[in-house]
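J.: Let me give you the structure first, and then I'll get to my questions.
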Amino acid sequence: MVKDLIIKNRSCRGYDESYTFTEEQLKNYVDGARLVASTVNLQPLKYFIAWKKEDVDKVQCRIRWARQLPQMTLPHPGMCPTGFVVICQDTNISDNLARFMKDVGIAAQSILLMAVEEGLGGCMIGSFRPDEIAEGLGLADNLHPLLVVALGKPAETIVLTDVGEDGNTAYYRDENDVHYVPKRSLEELVING
Ligand SMILES: Cc1cc2nc3c(=O)[nH]c(=O)nc-3n(C[C@H](O)[C@H](O)[C@H](O)COP(=O)(O)O)c2cc1C
């Protein structure tokens, strides 16, 4: 069921580095993403896929993880993702970056659900400087990085919890490195039910 995949699809920040992706695997994710809904069907998104170690490293050193846990370095050493899809907007198709932010989310979630279905996982990463990513990957001037999707074989425990009475939604870890993600209740979210 899609809902089961959604529940399993947690933002993972620790991976088994012995697992590597093929070009075909990442291309297959993009093949799914290219078929999703798009504002006025303009489809301005283009995708840089990183599966070779040299490209993976170029992305990994330019992104920031888990800003809510500033005391930790995540991923832990030796637990980095082994693939990335960098979602870019082709400004030759449209240079209105704000207009296609929803398209980006739909594409990224679709990629992640495909990965989760294969027993893999990932994390959306919005914390990076687009110019640094573009320069590091040697992207053409018309390709503006909007969102990075990290991918790999998850190697950490993530637990969903309920947001407490204090309303704090910050994720946290315990002494065993178990990662907890508070979610608001259904009752809080449904406005009229
Ligand atoms: C658009 C977007 C950008 C994100 N950027 C980052 C990021 O830069 N670094 C990071 O570690 N996590 C990032 N996340 C992951 C969120 O922190 C994560 O979704 C949140 O903690 C809830 O966890 P969950 O995805 O397992 O439900 C991002 C998520 C979204 C939707």
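J.: Scan (1) more than 15 Å from L146 (Cα to Cα); (2) within 13 Å of the ligand (Cβ to nearest atom); (3) touching a residue at least 60 places away in the same chain (Cβ under 8 Å); (4) surrounded by fewer than 20 Cβ atoms within 10 Å (Cβ to Cβ) for the single condition T73 breaks and write down its number.
T.: For T73, the failing item is (3).
J.: I've got another one for you. Being within 15 Å of R62 (Cβ to Cβ), under 16 Å from the mean Cα position of the chain (by Cα) and among the aliphatic types (A, V, I, L, M) is true for just one of L139, L151, L147. Which residue is that? First the steps, then the outcome.
T.: On the way: L139 fails: under 16 Å from the mean Cα position of the chain (by Cα); L151 fails: within 15 Å of R62 (Cβ to Cβ).
Going through L139, L151, L147 in turn, the sole match is L147.
J.: Could you tell me whether any residue of the stretch 89-106 is buried (at least 20 other Cβ atoms within 10 Å of the Cβ), at pLDDT 95 or above, in contact with a His (Cβ under 6 Å, 6 or more places away or on another chain) and not in a loop (DSSP other than H, G, I, E, B)? Even if it seems obvious, please write down each step before you answer.
T.: From the stretch 89-106, those buried (at least 20 other Cβ atoms within 10 Å of the Cβ) are 89, 100, 103-104; that's our starting set.
Okay, now just the ones that are also at pLDDT 95 or above, so 89, 100, 103-104.
Remaining after also requiring in contact with a His (Cβ under 6 Å, 6 or more places away or on another chain): 89.
Going one step further and asking which of them are not in a loop (DSSP other than H, G, I, E, B), we end up with 89.
For the stretch 89-106, residues buried (at least 20 other Cβ atoms within 10 Å of the Cβ), at pLDDT 95 or above, in contact with a His (Cβ under 6 Å, 6 or more places away or on another chain) and not in a loop (DSSP other than H, G, I, E, B): present.
J.: Mind checking which residues of the stretch 75-88 are assigned to a loop (DSSP other than H, G, I, E, B) and touching a Gly at 6+ places or on another chain (Cβ under 7 Å)?
T.: Just the residues of the stretch 75-88 that are assigned to a loop (DSSP other than H, G, I, E, B), to begin with: 75-82.
Within the stretch 75-88, P75, H76, M79, P81, T82 qualify.
J.: Any idea how many residues of the stretch 1-43 are within 16 Å of the ligand (Cβ to nearest atom), surrounded by 11 or more Cβ atoms within 10 Å (Cβ to Cβ) and either closer than 13 Å to A107 by Cα or free of Cβ contacts under 8 Å to residues at least 12 places away in the same chain (or both)?
T.: Residues meeting the conditions: 2.
J.: Another question, if that's okay. Are any residues in the stretch 20-33 closer than 14 Å to G119 by Cβ and either of a type in the set (A, V, I, L, M) or touching a Gly at 6+ places or on another chain (Cβ under 6 Å) (or both), and if so, which ones?
T.: The one that is closer than 14 Å to G119 by Cβ and either of a type in the set (A, V, I, L, M) or touching a Gly at 6+ places or on another chain (Cβ under 6 Å) (or both): F21.
J.: Of the conditions (1) under 26 Å from R184 (Cβ atoms); (2) at pLDDT 95 or above, I63 clears all except one; give me its number.
T.: Condition not satisfied by I63: (1).
J.: A follow-up question, please. Of the residues that sit in the stretch 50-65 and are outside any helix (DSSP H, G or I) and surrounded by 18 or more Cβ atoms within 10 Å (Cβ to Cβ), which one is farthest from the ligand (Cβ to nearest atom)?
T.: Going through the stretch 50-65, the residues outside any helix (DSSP H, G or I) turn out to be 50-52, 61-65.
Okay, now just the ones that are also surrounded by 18 or more Cβ atoms within 10 Å (Cβ to Cβ), so 50-51, 62-63, 65.
Details: A50: 16, W51: 21, R62: 11, I63: 7, W65: 4 Å.
Here the answer is W51.
The values are calculated or read from the model by the stated rules, or taken from the named source; none is laboratory data. Keep in mind that what you see is a predicted model, and the values were worked out from it rather than measured. So basically every Cβ, Gly included, is an ideal-geometry build from the backbone, and we count neighbours across all protein chains shown.
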